[in-house]
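Contents: one structure, followed by commentary.
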Amino acid sequence: MPVHESSPVPTHREKRRKKMERNDDEIGTENRKAETPIVEDIEQDSSLTPNGGSIAGFESLHRLLCASLSPQVFQEVKRLLLGLNCGRAVEPINLPDPAKALSAKHDFDLQAFCFHADKEVLRGPQTVRVGLIQNSIALPTTAPFLDQKRAIFEKLRPIIDAAGAAGVNILCLQEAWTMPFAFCTREKRWCEFAEPVDGESTQFIQDLARKYNMVIISSILERDVKHGETLWNTAVIIGNRGNIIGKHRKVDTIPYGFIFNHIPRVGDFNESTYYMEGNTGHPVFETAYGKIAVNICYGRHHPLNWLAFGLNGAEIVFNPSATVGELSEPMWPIEARNAAIANSYFVASINRVGTEIFPNPFTSGDGKPQHADFGHFYGSSHFSAPDSSCTPSLSRYRDGLIISDMDLNLCRQLKDKWGFRMTARYELYADMLSRYVQPDFEPQVIADPLLHK
Ligand SMILES: NC(=O)NCCC(=O)O
């Protein structure tokens, strides 16, 4: 039934709209424009369903719930889904107008939140403003490589400018942000996107880091010219003065000589065709704004990997990723949040957006038909805090910048509260692991003596 402005009895559509207006504080009106669909209407409007990664016409689960539930019910659902920070819902914060104007002009999702810590007597707050950028590629994968890379630079520039205008201190870009995630193809020509740590993309980022006094984490396909021109999946840590602080390669060996294979060999993620397991340890970078570490994409499935960054003293661990809905979406919010809780640090999760179509089809080795894309990269970048609270996620299909203030005092406060570091039995785990890596390891299993009678 068409909605008429003067209709005396509110239709379902009007009721829903009213709910969305009441819940507007949750999302911010500037981000409302992509989510006008009303849940009941979606099934009837087939143009909305295949809309490149929406959830029933909405940009994220949070926005779907916000629009669909009454404000009271939504508050309760939010409390259970996102947790509480210092006893309160994680608060959205307002950003300066220039940042909002860039988001409106360049059509990227912009959201901002704040994690508090309790007031301490001897230490002042240690609040840092952190930003994460998710983006789709800028040109088709068939365009000349240099054009593709430079078009991504130009696409990112206004988003980084928005982060600068918002006063972001530490910014992280997505995994292999300079290129399409071509590692599904197994074609070697994509190696041409590789660059030395001080190459063109680093120089581009260094200028912006200097301009905005910002630490920037830039995850690239690295070519190590001095070591036989080998390739690595590398995060370059650029300091707020534009200097290169260091790098971390995805992902590493753990002590006891046991190699944890952290380069994926799952689905179409054929990354081992391109680069080897990293050899840089689990470094924590002490920056002007805090101690940070980078756990690149697939490393998030390995709790010991998260632990290693925690043992080295990380306060914020970034997880720049490229992952697709069918494979990992149910794991995405759980793994990050669990790592933040278990290690008493903040976790910042970033995933690219969109579907990248490659020129030549490939198979997944599962007997299914050949195809030319990985599937949909579902964005959904967000932050998790050590007190188990987390922010809503960015759009599932649009470019975006999510910002959060975080008082790093929360890390120690959670260590004091839950004592996970003190109650962990590292010497037992060390003993267990050192026995496990021996060829003659026997699992400690006590069988029911009646089992085989
Ligand atoms: N980039 C990457 O390591 N992807 C693997 C898939 C996943 O970990 O979800």
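Structural remarks
- Taking the criterion of being among the basic types (K, R) and under 22 Å from F318 (Cα atoms), the only residue of segment 156-196 that qualifies is R157.
- When the helices (runs of 4 or more DSSP H) confined to segment 279-381 are screened for residues that are in contact with a strand residue (DSSP E or B) (Cβ under 9 Å, 6 or more places away or on another chain) and over 22 Å from C114 (Cα atoms), those reaching at least 1 such residues are found at 303-311, 325-328.
- Lone unmet requirement of (1) within 16 Å of the ligand (Cβ to nearest atom); (2) in a loop (DSSP other than H, G, I, E, B); (3) farther than 25 Å from I402 by Cβ for W232: (2)
- Criterion (in a loop (DSSP other than H, G, I, E, B), away from the ligand (no atom under 16 Å from the Cβ) and touching a residue at least 40 places away in the same chain (Cβ under 8 Å)) met by exactly one of A163, A117, A143, A112: A117
- Residue satisfying all of: in segment 311-336; surrounded by 22 or more Cβ atoms within 10 Å (Cβ to Cβ) and either over 18 Å from L394 (Cα atoms) or touching a residue at least 60 places away in the same chain (Cβ under 8 Å) (or both); nearest to the ligand (Cβ to nearest atom) among these: A322
- Boolean, T273 is within 16 Å of the ligand (Cβ to nearest atom), surrounded by fewer than 21 Cβ atoms within 10 Å (Cβ to Cβ) and either among the β-branched types (V, I, T) or modelled with pLDDT of 90 or more (or both): yes
- Looking at R189, R223, R157, just one residue is part of a strand (DSSP E or B), in contact with a helix residue (DSSP H, G or I) (Cβ under 9 Å, 6 or more places away or on another chain) and of a type in the set (D, E, K, R), and that residue is R223.
- Restricting P392, P386 to those that are surrounded by 17 or more Cβ atoms within 10 Å (Cβ to Cβ), without any contact (Cβ under 8 Å) to a residue 60 or more places away in the chain and assigned to a loop (DSSP other than H, G, I, E, B) reduces the list to P386.
- Residue satisfying all of: in segment 239-269; more than 16 Å from the ligand (Cβ to nearest atom) and buried (at least 18 other Cβ atoms within 10 Å of the Cβ); modelled with the lowest pLDDT among these: I254
The values are calculated or read from the model by the stated rules, or taken from the named source; none is laboratory data. What you are looking at is a predicted structure, and each value in this text was computed from that prediction instead of being measured. With ideal geometry, Cβ positions are generated from the backbone for all residues, glycine too; neighbour counts draw on all protein chains shown.
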